[in-house]
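In what follows, a structure is listed as structure tokens, so that the remarks can point back to it.
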Amino acid sequence: HKEYRRQRQMCIRDSRKAMQLTGGGYDGSVIAGNGNAPGASGLATPLARGYAAFGSDSGHSSSAAEASFALNDEALENYFGDQLRKTRDVAVKLIARRYGAAPVRTYAAGGSGGGREALYVADRWPALYDGVIAYFPAWSLTGMLTNYAITSKALAAPGAWSNPAKQQLLTRSVVAACDALDGATDGVISKVSACAFDPATLACPGGADTGDGCLSTAQISGFRAYATPLKLPYPLANGTDGYAALNIFNGGVIPAMGSSAPATPSRFDMAFATYIGESFVKYMVYRDASYDPFLFAVDANGYVQQRLRYISSRLDIDPDLSAFANKGGKVLIVHGMADPLIPAGSSEEFYRRAVAAMGSERVSAFLKYYEVPGYGHGSGAYDVRLDSVDALERWVEQGVAPSGLTVTDANAGNNGRTRPLCEYPAWPRYDGTGDVDRASSFSCVR
């Protein structure tokens with residue numbers, strides 16, 4: 001053990017690199033330094049690679065799905081973003097004291113809310129970081145949480161919620177209708193843009209609920225709430241005026257609708273949108289634990305507009321990362337097309353707005369965005385295993401931009417099948433011959 005510690009310390013001293021591992025959801029638990037980057041199950045952790053690694057709980061202790069901490073001003077501002085800089089500054093001081101020098105390179109990596117945090121440090125403190133990895137990032141979190149609250153409200157309408165059997169019925173039907181559009185029948189919808197499943201084909205006779213083999217009119221409306229983008233009557237601080245819809249009817253998304261109908265107070269067996277949205281409305285918008293989240297409306301009054309814009313100014317990311325690009329920083333973003341919590345369309349908006357602000361050539365020189373069919377929110381029909389840390393290191397430290405990457409399916413039952421990792425807007429199409437479990441049988445096309 002002593003020899004292992006000595007070698008590890010020498011490795012850290014020699015590499016002089018640090019990795020900030022970010023949280024998720026509403027945070028609330030310490031992200032330990034021996035954790036890993038998202039999408040890296042079975043691969044070496046940053047600590048094992050010789051990094052000094054660190055994380056935080058964002059300044060409060062709670063469930064990642066509950067936000068009552070936001071009633072405390074300092075805890076809320078820490079969650080918004082202050083904790084990231086505070087944690088980094090303390091960690092760098094400790095590293096310098098222990099090893100005699102500050103890190104030469106500092107990176108950040110995380111997924112979901114942690115993906116937002118990784119992009120946040122590149123946006124707010126570009127001079128302090130060299131590269132970030134963001135999986136399914138909640139970069140426009142104010143819009144996302146607002147959309148959750150609105151979706152939950154629609155799902156709480158009489159009869160609109162569907163039980164798990166009906167949720168599975170919809171997903172199976174969408175996959176069966178669109179699986180083969182990419183040339184391979186493998187349980188993964190790759191050509192999402194060509195899939196347009198109509199849930200009315202599953203309608204119960206007469207529109208009433210007659211069992212788990214069909215959907216009532218109200219239940220179809222509930223699913224449509226997930227597939228309808230949010231449109232705000234005013235822009236948020238980061239320029240967003242809405243939020244993308246989930247790929248319920250075209251991407252093979254397994255809806256995160258839980259096993260109980262929405263109600264207030266919410267429970268964790270209800271729809272993800274219900275308990276996450278309720279916390280947002282009660283504790284961040286109205287800051288009133290007794291407020292009924294089903295009364296929430298974006299145009300209710302001037303206070304709501306003012307409050308959402310303030311939250312956005314503190315919480316959200318500006319897609320124009322010019323300062324980070326100018327200093328040589330690099331960004332890797334990965335998003336699954338079957339994500340049931342954060343739609344891939346959100347990351348597509350981030351990419352489009354980055355290109356609009358900086359130009360496609362400049363964006364390509366420092367940012368790569370990849371979409372993975374069948375990948376959900378850290379799991380799914382295709383569960384990503386990708387050495388994004390290695391890809392980022394090579395880009396930042398050797399100037400070798402990611403190219404021709406492949407992604408492995410970490411699902412045990414899929415025998416390590418691989419696909420090409422296609423840079424947006426390309427998607428992987430089966431060539432018509434060869435093993436459908438090998439990336440070499442697919443081509444990235446637009």
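The values are calculated or read from the model by the stated rules, or taken from the named source; none is laboratory data. Quick caveat, the model's predicted, so the values are computed rather than measured. Note: accessible area is taken over every heavy atom of the protein model, side chains too, but ligands, DNA and RNA are not part of it. Shrake-Rupley method; radii C 1.70, N 1.55, O 1.52, S 1.80 Å.
Observations, loosely collected:
- The residues of segment 40-195 present an accessible area of 34 Å² per residue when probed at 1.4 Å with all protein chains retained.
- In the elastic network of the chain, a GNM with C-alpha springs shorter than 10 Å, the most mobile of Ser279, Ser379, Ser190 is Ser379.
- Whole-percent carbon and sulfur share, accessible surface of segment 369-446, 1.4 Å: 43
- Relative contact order (percent, whole number), segment 187-298, Cα cutoff 8 Å, 6+ residue spacing: 18
- Counting only residues at least eight positions apart within a chain, or on another chain, the lysines with an alpha carbon under 26 Å from that of Lys153 are Lys166, Lys231, Lys282.
- The chain, relative contact order in percent, only Cα pairs under 8 angstrom and at least six apart counted: 16
- Which labelled figure in [x] 26.3; [y] 22.6; [z] 24.6 is Kirkwood radius over Cα pairs in Å, once derived from the coordinates: [y]
- Normalised per residue, the accessible area of segment 289-366 is 38 Å², obtained with a 1.4 Å probe and no contribution from ligands, DNA or RNA.
- By the helix-only formula, in which each DSSP H run with n ≥ 4 contributes -39500 (n - 2.57) and the sum is divided by residues, the chain has a 222 nm mean residue ellipticity of -10000 deg cm²/dmol.
- Cα gyration tensor shape of segment 173-262, rounded if a/c is under 1.5, else prolate or oblate by comparing a/b with b/c: oblate
- Anisotropy class of segment 8-101 from Cα gyration tensor, a/c 1.5 cut: oblate
- Alpha-carbon centroids, segment 384-438 and segment 123-184: separation in whole Å: 22
- Estimated vicinal HN-Hα couplings, Hz - segment 255-260 in sequence order (Karplus 6.51, -1.76, 1.60; Gly, Pro = x): x, 8, 9, x, 10, 9
- Estimated at the nearest 10 Å², the accessible area of Trp395 is 10 Å² with a 1.4 Å probe.
- Comparing Cα centroids, segment 295-334 and segment 223-283 end up 18 angstrom apart.
- Note on Lys231: accessible area is roughly 140 Å² with a 1.4 Å probe, heavy atoms of protein only.
- Karplus-derived HN-Hα couplings along segment 184-199 (A = 6.51, B = -1.76, C = 1.60, θ = phi - 60°), whole Hz, x at Gly and Pro: 10, 8, 9, x, 10, 8, 9, 8, 4, 4, 9, 8, 9, 5, 9, x
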